[in-house]
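Below is one structure, written out as structure tokens, with a few remarks after it.
The values are calculated or read from the model by the stated rules, or taken from the named source; none is laboratory data. Predicted model only: the values in this text are computed from it and were never measured. Here the Cβ positions follow ideal geometry from the backbone for every residue, glycine too, while neighbour counts run over all protein chains shown.
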Amino acid sequence: MKLLQEMSVMDHERVVFHQDPESGLRAIIAIHDSTLGDALGGTRRWCYATEAEAIQDVLRLSEGMTYKAAAADLAMGGAKSVILLDSPGQEATEAQGHAMGRFVDTLQGNYIAAEDVGVNEAFCDWMGHETKYVMGGINVSRGGDPSPFTSLGAFNSMKACLAHAGRPVDFAGVTVGVQGLGMTGYKLAKLIVDHGGMVIGTDVNPHAIHRASEELDIKVIGDDEDLFSMDLDILAPCALGGVLGPEQIGSMKAAIVCGTSNNVLVDPDRDGQLMKDKGVVYAPDFIANAGGLIRLAGLYLGLTESEIDAKVEKIESTTREVLDDTRNHASAYEAGVTYARARIDAGRRVEA
């Protein structure tokens, strides 16, 4: 990968690498766009097949955060960080948490870290011992687990999708396939069940499947069954990204796609248009899953609880506005990006 060329194509401002021999930390921070302000974005711990794969992930994730913050009307830019693991499921250590905190601190607030896959409140607190530029902890940093807000935002976005599809905004009789029953997927499934919907869920973690089955009384399926091709009203990707490409879209029966995952589409331009051509209502992920960012960024920016709640609630009307504008674009993804970029451009004009 030619990194500078890729940064130029995707309009990234800064990509920073760091390694700490003592703790074994290897990490990357990518700042995509800071027009609207400093950027809060999660820290992902993951075992990547190659360094190039890790770089591509942090570039795409940080770009998505720019659009997410802008579409949510937050005075924040877009950034993300990844920690490269030596093996899948490698245990987090306090030493690496402190090392990551020191790395974050070198950017002096241009990047504010938070939770993502593989990072919890304890890890955020470890980072918080070394930097004030972290959210999502409990004892040292603040904000706690943002996943309930991510799930609620996606649920609100689903309501907009139902309305756009000409269906009652009512989950009674609606079947939702939830791919990923972790922090956000489990809570989204609970919201759907609590509102009368039926959930079919799947996860690579047997403990997550057992918990959801026992506590939510939902139908769960194993790895040998393809959730994406089942008869569903709504497909909710709630795990890692890059799960919907031409093959999956071709066999998909769901009329709506709306979940908590980032970067759901393998190729957003190509696959977004494929879904529009097929008549699938697609809620752009950076709009649907913005609730967690709204929660932590809102606290960081000094918003009140009622202001934060109002922004999470507004995800429904924002989704509806973007979906209604899809007729003027190649896809809902393109309509969502246009919506976000309009606010960034307005911020740029004010700055000038």
* Provide a single number: the residues in region 49-62 that are within 24 Å of Gly101 (Cβ to Cβ) and surrounded by fewer than 17 Cβ atoms within 10 Å (Cβ to Cβ). => 1
* Would it be correct to say that Ala99 is in contact (Cβ under 8 Å) with a residue 40 or more places away in the chain, more than 17 Å from Gly292 (Cα to Cα) and aliphatic (A, V, I, L, M)? -> yes
* From the set of residues in region 136-145 that are surrounded by fewer than 24 Cβ atoms within 10 Å (Cβ to Cβ) and either in contact (Cβ under 8 Å) with a residue 24 or more places away in the chain or more than 24 Å from Lys311 (Cα to Cα) (or both), which is nearest to the chain's Cα centre (by Cα)? -> Asp145
* Asked: Quick check, is Arg44 outside any helix (DSSP H, G or I), basic (Lys, Arg) and under 23 Å from Ile294 (Cα atoms)?
  -> yes
* Asked: Residue check, Pro88 against (1) at pLDDT 95 or above; (2) not in a strand (DSSP E or B), all met but one. Which one?
  -> (1)
